[in-house]
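Working notes for the structure below.
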Amino acid sequence: MTRADSTRDTAAPQRRDFPPDFRWGCATASYQVEGAAHADGKGESIWDRFCTQPGAIRDGSSGAVACDHFHRWPQDLDLARDLGVNAYRFSVAWPRIFPAGRGAAPNAAGLDFYSRLVDGLLERGIEPWLTLYHWDLPQPLQDAGGWAARATLDAFAAYVDAVTRRLGDRVKRWITQNEPWCVAMLGHHEGVHAPGRRDLATALQVAHHVLLSHGQALPIIRANVPDALAGITLSLHPIAPAGPGAADAAAAFRHDGLRNRWFLDPLHGRGYPADVWQRLGALAPTVLPGDLEAIARPTDFLGINYYFPEHVADAPGHGVLEARVVEPGAEVERTGFGWEVAPDGLVRLLDRVQRDYRPAPIVLTENGATYDDVVTPDGRIHDAERQRYLQRHVAAAREVLARGIALQGYFAWSLLDNFEWAEGYLRRFGLIHVDYATQQRTLKDSGLWYRDFLRA
Ligand code: IFM
């Protein structure tokens, strides 16, 4: 980073630096906050099941109670309103709508819950941004093959139809899928997320089906909600070679192929990247005629979740891509997860996406960090590092706009501390602290900063 970059990076951003219609939000996801695992006829999800496997979750916990948001949502939405956000991103739990994954009719009580939530948002002047799939697949569908089975796509389409019919009169922002890379690779290759598979060929078939489910959902959303704005959210990373040589540069290109291009290319009408496809050989997914056209259907925005960059070294014999991510050294600023803190990475990433893909307008649908917060005896929560992280990334978002990129919104991850998947409750990302023993909510310093920034 140059000196000029670093000054821009830290100069305090002001809300007035952004367009008046810019969306400022917080994000959550159903399994991470709702709890109420069996309420109102909800069925079992793959995460309910995965959490019962010994060793699957680092602290042995589950999302069975989480933030009890299912019961406490009015209070949580009050907190969101008090922050001053004008948008809130949440996801619908598919097993609340179709407990068995599919069926003749949706579960009315499940839809009622989200209908109340949407009304609650609108009453508070907050625009609902609804994600249809943030990882809680109904377990009966997993038992029949999950996302690796093409039949799951029909079930997803029926679920999308039910949700859009019921909520589409009030919800206008729709996100089909959250982070297909994580669904595929963490859940089916690395086995650290539900459903805990470890098979690359399965993971690649899952990635294809998840992208295809997005493409197939679009006409359903548009038919049921004619004024909808719809898109998909990807987890993307700026990728750089770990060292100066040509070998690391080539490895970085290969790694980028599966991390980023594997998703961006087909969504932008280019099919799967040929270099990666060739390396995969027999592991490549089955793609039927018409699939790529469906995946490439136009969207109204591209959701991007940005957390950290990656540095990649050539690693002959290391996996099919022969590339290895090099962990940041001790000299690099990192979050509690060990993720590199790099606001300039956000600028590089969006520059690259804009240059290479000319996408629909971009929305940062997640950005945030986990740290060990300091709880003082008087009950205050100090999280100076998160506050600084947010401030610097919002400043980077301003830089993105200054470069002429159509960035339309920023959603902090997350409104509340919550169930952080395989890490259980060991990692806190919230602007609002949750005492899981009492369910008491306390605004952290980062939340105070966001509130003051939004109010100014
Ligand atoms: O908590 C997750 C979220 O569910 C998806 N994006 C990354 C977040 C932090 O790990």
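The values are calculated or read from the model by the stated rules, or taken from the named source; none is laboratory data. Note that the structure is a prediction, hence the values are computed from the model and not measured. Neighbour counts are summed over all protein chains in view; Cβ atoms, including those assigned to glycine, are modelled from backbone coordinates with ideal geometry. To get the accessible areas, we keep the full protein, side chains included, count just its heavy atoms, and leave off ligands, DNA and RNA. Shrake-Rupley method; radii C 1.70, N 1.55, O 1.52, S 1.80 Å.
Summary of values
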{"quantity": "From the options 336, 379, residue that is of a type in the set (Gly, Ala, Ser) and within 16 Å of the ligand (Cβ to nearest atom)", "calculated": "336"}
{"quantity": "Any hit, the range 426-442, residues being closer than 23 Å to residue 349 by Cβ and open to solvent by 40 Å² or more (accessible area, probe 1.4 Å)", "calculated": "yes"}
{"quantity": "Filter result (more than 11 Å from the ligand (Cβ to nearest atom) and either assigned to a loop (DSSP other than H, G, I, E, B) or modelled with pLDDT under 95 (or both)) within the range 410-424", "calculated": "415, 424"}
{"quantity": "Spans of strands (runs of 3 or more DSSP E) in the range 165-243 with at least 2 residues surrounded by fewer than 18 Cβ atoms within 10 Å (Cβ to Cβ) and in contact with a helix residue (DSSP H, G or I) (Cβ under 6 Å, 6 or more places away or on another chain)", "calculated": "none"}
{"quantity": "Test result for residue 254, crowded, with 19+ Cβ neighbours inside 10 Å, in contact (Cβ under 8 Å) with a residue 12 or more places away in the chain and basic (Lys, Arg)", "calculated": "yes"}
{"quantity": "Which listed residue, of 82, 40, 59, is in contact (Cβ under 8 Å) with a residue 60 or more places away in the chain, open to solvent by 40 Å² or more (accessible area, probe 1.4 Å), in a loop (DSSP other than H, G, I, E, B) and in contact with a helix residue (DSSP H, G or I) (Cβ under 9 Å, 6 or more places away or on another chain)", "calculated": "59"}
{"quantity": "Residue count, the range 378-427 (criterion: among the β-branched types (Val, Ile, Thr), under 23 Å from residue 233 (Cα atoms) and out of contact with any Leu (no Cβ under 7 Å at 6 or more places or on another chain))", "calculated": "1"}
{"quantity": "Residue list for the range 400-409, restricted to those being open to solvent by less than 30 Å² (accessible area, probe 1.4 Å) and either part of a loop (DSSP other than H, G, I, E, B) or basic (Lys, Arg) (or both)", "calculated": "405"}
{"quantity": "Lone qualifier among 438, 442 - being more than 16 Å from the ligand (Cβ to nearest atom), assigned to a loop (DSSP other than H, G, I, E, B) and of a type in the set (S, T, N, Q)", "calculated": "438"}
{"quantity": "Residue in the range 122-133 that is open to solvent by less than 10 Å² (accessible area, probe 1.4 Å) and over 24 Å from residue 183 (Cβ atoms) present", "calculated": "yes"}
{"quantity": "Test: residue 403 is of a type in the set (D, E, K, R), within 16 Å of the ligand (Cβ to nearest atom) and at pLDDT 95 or above", "calculated": "no"}
{"quantity": "Condition broken by residue 143, with the remaining ones in (1) away from the ligand (no atom under 16 Å from the Cβ); (2) touching a helix residue (DSSP H, G or I) at 6+ places or on another chain (Cβ under 7 Å) satisfied", "calculated": "(2)"}
{"quantity": "Residue match in the range 389-396 (condition: touching a residue at least 12 places away in the same chain (Cβ under 8 Å) and open to solvent by 30 Å² or more (accessible area, probe 1.4 Å))", "calculated": "yes"}
{"quantity": "Residue within the range 376-383 that is assigned to a loop (DSSP other than H, G, I, E, B), on the phi < 0 side of the Ramachandran plot, in contact with a Lys or Arg (Cβ under 9 Å, 6 or more places away or on another chain) and buried (at least 18 other Cβ atoms within 10 Å of the Cβ) present", "calculated": "yes"}
{"quantity": "Close pairs from the range 375-386: first farther than 14 Å from residue 434 by Cα, partner among the aromatic types (Phe, Trp, Tyr) and part of a loop (DSSP other than H, G, I, E, B), Cβ under 6 Å, at least 6 apart", "calculated": "385/371; 386/371"}
{"quantity": "Yes/no for residue 392 being within 16 Å of the ligand (Cβ to nearest atom), of a type in the set (Lys, Arg) and under 21 Å from the mean Cα position of the chain (by Cα)", "calculated": "no"}
{"quantity": "Among residues of the range 138-147, those that are buried (at least 22 other Cβ atoms within 10 Å of the Cβ) and more than 17 Å from residue 41 (Cβ to Cβ), counted", "calculated": "3"}
